[in-house]
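Here the structure comes first, spelled out in structure tokens, and everything after it is commentary.
Any read-out appearing in this document is the output of simple, stated calculations on the displayed coordinates, not a laboratory observation. Only a predicted model underlies this, so the values are computations on that prediction, with no experimental measurement involved. So basically every Cβ, Gly included, is an ideal-geometry build from the backbone, and we count neighbours across all protein chains shown.
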Amino acid sequence: MRVLDVLSLSTQAIARNKLRSFLTTLGIIIGVASVVAMVHLGQSATRSVTERIASIGSNLLFVMPGTSLRGPGAVRTSAENFDLSDVDAIRREVDGVEVAPALATTARVVVGNANDTIPVLGTSNEYLSVRNHPLDYGRAFESGELSSGASVCIIGKTLVDEMFLGQEPLGATIRVGRTACRVIGVLSEKGESMGQDRDKTILMPIKAVQRRLVGKLDVSVIYVSALVDGTTKRVQSQIESLLRQRRRVDSGGVDDFYVRDTQEIAEALESTTNTLTVLLGAIAAVSLLVGGIGIMNIMLVSVTERTREIGIRLAIGARARDVLNQFLVESIVLSTLGGIIGLLLGVGGTWLLTWKLDMPFVLSPLIMVVGFSFSVAIGVVFGFFPARKAARLNPIDALRHE
Amino acid sequence: MSDGYGEVRESGVPPTIVELCDVYKIYGRGATEVRALDGVSLTIRAGEFVAIMGPSGSGKSTCMNIIGCLDSPSAGQYIFSGVDVGTLGRDERALVRRHFMGFVFQSYNLLPRTSALSNVELPLVYEGVRPALRHRRAVSALAAVGLADRQAATSAELSGGQQQRVAIARALVTEPPVLLADEPTGNLDTVMAREVMTQLTDVRRERGVTIVMVTHEPDIARYADRVLLFTDGKLVRDGTPAEVLA
């Protein structure tokens, strides 16, 4: 029997029962689509996390007070805050770094008739490069403004859009807490990150925030950026030994501060999303398996229902292996069709979701090949048993079957 | 059409094509043992038209299934065209059926929702004949049974007599030397039955094909030139219709 004839016999049988064939295939379609979509979405999420962490600033170290247990869910205990002398010390003692102090708070901000509670960050000009958040237009702080703690501010795009409503922000005076504050610059757009609008922010000289908004001379975080790639580890250990000295931590004692690398955070988050991807993929693979059982079920029913047809085929000269091939190919064709449709749906669904969620669309040829081959394999495995049952029928009994 | 057997027939006695020697077909064991065939010996010559008759349970269908290589005997020898086919395995018997046997059944047994032409082409598909040639042969086989204009019709669109003629076309499209008919008129009224029997006698005359037909209707058996009468798994009478049915 010619290979093409086996294929055409099988497709004829499938076409004769369109609705049933579709329903049979549906299990595979859903299985493949969910496997492909889940793994792709997981990879997109990983990519989006790493991209966002890169956008925070590369070679970036966070120096924070408190004791840290390593890991994504770090526990922090309270400890004495830093002040600007610590910042100066790091600038002075550690080579090849850019240092930006930061003191975060929130304040009631009034622009004309609009008012909202906005995160305010006291910092220095280094913040713009260390945190990779450059100005869109306007200017940075002048050194006089920084040393005197002048009430000037640089605002994020969201404020321009939502509070200035098309008016020119540069040179305007806004109210931040109880301070009148002149806008000197506008930050470039950063978009949303982990549920936070990073453009809804106000930068002020750190001394202005310390005196006018917080009333303390604290620095809550020190951002340190290593200027040369691959030196973050050295910078980190230098900062650690410097701060141990300044904060009088005994050798062997527990640090009351910690230095955290963005790379570490990225790796921790990446391993989390990877675990999630594997988990979701595994759940989806179970649905593919269930789809395969669906095929087997329908094929078994189909063999019983078509017993007489099988008898006719045997009587006119089909060998057992011809019948086996026909039914096996039928199930492979069904599962392959399901695989193709599922693949298209999975990729399409991923594209739609990543577009809606504003994530990068990652296309992985590997997972597409794996998903598709898996669906074909399911056709072979789950089609074999019903096909063998058909091939083993006795022609006389099969012909008598009502 | 040259059939090879015609020349022999003209020169004298046609060769034996079917030879059963002391054939048994036994189902079950011990107390529940059923002897569907109980020591049957018979020979059929090429080109003969043989009717097998007998009450139900007499073993006539079992006998035809064995002659048609659908079944194998429990004991005894079946020589087909000089070859012992009684001991062949499943797939070998399938090949004998494919190349040497054509089947016509009481309930036509056409594939449902399939055109007459595709039904007739089916045996050629298993033979591995190329599609173009397959199509030509199926068209001419349908034309031979007078259904040239019903190629695209499915069995639901054909009368019983027409369906049985499609089945005859399907049985003969591979040009087998033997045609086996199991109650071919059992589901047909007398008009259509006569139509089908005429068809069978025509193909026999034109092609010299050997026909073995199971029937329980004496009127139908009279179309044959020899009648075998079975009772309780034994061949009890063998002769012309006039002798056996008298």
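Stretched out straight at 0.36 nm per residue, the stretch from A:Arg247 to A:Glu189 would grow longer than its current Cα-Cα span by 17.1 nm. Taking the C-alpha atoms only, the angle from helix A:3-16 to the longest principal axis of chain A is near 80 degrees.
In whole angstrom, chain A maps to an equivalent ellipsoid with semi-axes of 68, 24, 15, each derived as √(5λ) from the alpha carbon gyration tensor and ordered largest first. Identify which of A:Gln196, A:Gln236, A:Gln210 has the largest mean-square fluctuation in a Gaussian network model of chain A, with springs joining Cα atoms closer than 10 Å. Maximum among the listed residues: A:Gln196. Of the cross-linked pairs A:Lys190/A:Lys356; B:Lys60/B:Lys234; A:Lys190/A:Lys233; B:Lys25/B:Lys60, those separated by over 21 Å at the C-alpha level are A:Lys190/A:Lys233. Summarising the amide proton neighbourhood of B:Gly54: residues at separation of 5 or more, or on other chains, whose placed amide H is nearer than 5 Å comprise B:Phe230. A compact globular protein would have a Cα radius of gyration near 2.2 N^0.38 Å; the ratio found for region A:324-402 is 1.63. For the residues of A:305-316, the average number of beta carbons from a partner chain within 10 Å of their own beta carbon is 6. Hull volume per residue, based on the alpha-carbon atoms of region B:13-67 and their convex hull, is 80 Å³. For region A:80-255, the Stokes-Einstein estimate of translational diffusion at 20 °C and a viscosity of 1.002 mPa s comes to 125 µm²/s, using the Kirkwood hydrodynamic radius over alpha-carbon pairs. Mean partner shielding of peptide B:92-99, defined as the number of other chain Cβ atoms within 10 Å of each residue Cβ, is 4. On the basis of the beta-carbon distance and an R0 of 22 Å, B:Thr32 and B:Ala75 show a calculated FRET efficiency of 0.75.
Compared with the dominant Cα axis of chain A, that is its longest principal axis, helix A:232-246 is turned about 40°. Most tightly packed first, judged by the mean number of other beta-carbon atoms within 10 Å of their residues, the peptides A:388-401, A:265-278, A:324-337 read A:324-337, A:388-401, A:265-278. Taking Cα atoms only, the orientation of helix A:18-56 departs from the longest principal axis of chain A by about 20 degrees.
Computed over chain A with a Gaussian network model linking Cα atoms closer than 10 Å, the most mobile of A:Val381, A:Val49, A:Val36 is A:Val381. Electrostatic tally near A:Leu217: other residues with Cβ closer than 9 Å to its Cβ, Lys and Arg +1, Asp and Glu -1, net +1. Label zone (B:Ala242, point 7 Å along Cα-to-C-beta; backbone nitrogen cut-off 18 Å) within region B:40-61: B:49-51. Taken over the alpha carbons of region B:1-120 as equal point scatterers, the Debye sum produces base-10 log I(q)/I(0) values at 0.12, 0.19, 0.20, 0.23 Å⁻¹ of -0.55, -1.16, -1.23, -1.38. For a paramagnetic label modelled on A:Glu240 (point 7 Å from Cα along Cα→Cβ), amide N atoms under 20 Å away belong, within region A:248-289, to A:248-269.
If eta is 1.306 mPa s and T is 10 °C, what Stokes-Einstein diffusion coefficient results for region B:16-245, Kirkwood Rh from Cα pairs, in µm²/s?
Answer, rounded: 88 µm²/s.
Region A:264-299 and region A:356-402 have Cα centres lying 19 Å from one another. Select from B:Gly28, B:Gly208, B:Gly233 the residue whose mean-square fluctuation is largest in a Gaussian network model of chain B (Cα-Cα springs shorter than 10 Å). Looking only at B:Gly28, B:Gly208, B:Gly233, the largest GNM fluctuation is found for B:Gly28.
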